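Peer 1: Here it is: the structure, laid out below.
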Amino acid sequence: MPGLPFRPTDDGVLVDVRLTPRASADSIRGIGTDAAGTAMLKVAVTAVPEDGKANAALLKLLARTWKLPKTSLSVVSGATARRKVVLVAGEPAPLLNSLNEWGKTKS
C-alpha cells in the first residue's frame, strides 16, 4: 500500500500529483507510487495541456473535492509536466490532518 502524498511546509501542505490531461472525465483516481516509491495523487482532467488549462482544471477539482477555496491552491512545481507539486496554503497542522484522513480513503 502506498504512503500518502502530503507533506507539511511553513505555509501549508505540499501535494505530489501525477496529472493526466485529455481524460474522459475529471476524477481523482487514487494514490499510487512512482518508480522510486514516492507517493503521488493520480488525477485525470478533461482539459488539454495548453495555456494552463489542465492546471486550472486540476486546481478546481482539488478545491471542490477538499472543500477549499480555489485561491488557496497553486501549482508550485511542474507547471508544464505531468508530475506536479501543488501547494495548499493555510495552517499546516489542521490541513495535513484533514488531507491525511481523506487520503486514507483513497489509498
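Peer 1: Report the residue count in region 35-67 for those that are more than 17 Å from Gly103 (Cα to Cα), touching an Asp or Glu at 6+ places or on another chain (Cβ under 9 Å) and of a type outside the set (Val, Ile, Thr).
Peer 2: Qualifying residue count for the region: 3.
Peer 1: In region 57-80, what residues are small (Gly, Ala, Ser) and under 11 Å from Pro21 (Cβ atoms)?
Peer 2: If the condition is that a residue be small (Gly, Ala, Ser) and under 11 Å from Pro21 (Cβ atoms), then Ala57 is the only one that fits.
Peer 1: Right, something else. Every residue in region 45-69 that is at pLDDT below 95 and under 24 Å from Thr105 (Cβ atoms), please.
Peer 2: none
Peer 1: Follow-up. Exactly one of these conditions fails for Arg83: (1) at pLDDT below 95; (2) under 16 Å from Arg7 (Cβ atoms). Give me its number.
Peer 2: With (1) at pLDDT below 95; (2) under 16 Å from Arg7 (Cβ atoms) applied to Arg83, the lone miss is (1).
Peer 1: Taking the residues in region 5-45 that are of a type in the set (S, T, N, Q) and in a loop (DSSP other than H, G, I, E, B) as candidates, determine which candidate is nearest to Lys84 (Cα to Cα).
Peer 2: Step by step, filter region 5-45, then rank; the result is Thr38.
Peer 1: Okay, moving on. Inspect region 54-62 for any residue being out of contact with any strand residue (DSSP E or B) (no Cβ under 8 Å at 6 or more places or on another chain), surrounded by fewer than 15 Cβ atoms within 10 Å (Cβ to Cβ), without any contact (Cβ under 8 Å) to a residue 40 or more places away in the chain and of a type in the set (Gly, Ala, Ser) and give the result as yes or no.
Peer 2: Looking only at region 54-62, we keep the residues that are out of contact with any strand residue (DSSP E or B) (no Cβ under 8 Å at 6 or more places or on another chain), and these are 56-57, 60.
Restricting the remaining residues to those that are surrounded by fewer than 15 Cβ atoms within 10 Å (Cβ to Cβ) gives 56.
Going one step further and asking which of them are without any contact (Cβ under 8 Å) to a residue 40 or more places away in the chain, we end up with 56.
If we keep only those that are of a type in the set (Gly, Ala, Ser) as well, we get 56.
Among the residues of region 54-62, at least one is out of contact with any strand residue (DSSP E or B) (no Cβ under 8 Å at 6 or more places or on another chain), surrounded by fewer than 15 Cβ atoms within 10 Å (Cβ to Cβ), without any contact (Cβ under 8 Å) to a residue 40 or more places away in the chain and of a type in the set (Gly, Ala, Ser), which makes the answer yes.
Peer 1: Can you work out which of the residues in region 70-107 that are part of a strand (DSSP E or B) and touching a helix residue (DSSP H, G or I) at 6+ places or on another chain (Cβ under 8 Å) is nearest to Val15 (Cα to Cα)?
Peer 2: Per the stated criteria, the residue is Val86.
Peer 1: Looking only at region 12-36, which residues are exposed (fewer than 14 other Cβ atoms within 10 Å of the Cβ) and either hydroxyl-bearing (Ser, Thr, Tyr) or free of Cβ contacts under 8 Å to residues at least 12 places away in the same chain (or both)?
Peer 2: Ser24, Ala35, Ala36
Peer 1: A further question on this structure: Being among the basic types (Lys, Arg) and surrounded by fewer than 16 Cβ atoms within 10 Å (Cβ to Cβ) is the filter here; which residues of region 70-96 pass it?
Peer 2: Across region 70-96, the qualifying residues are Lys70, Arg82, Arg83.
The values are calculated or read from the model by the stated rules, or taken from the named source; none is laboratory data. Quick caveat, the model's predicted, so the values are computed rather than measured. As a convention, Cβ positions derive from the backbone with ideal geometry for all residues, glycine included, and neighbour counts pool all protein chains shown.
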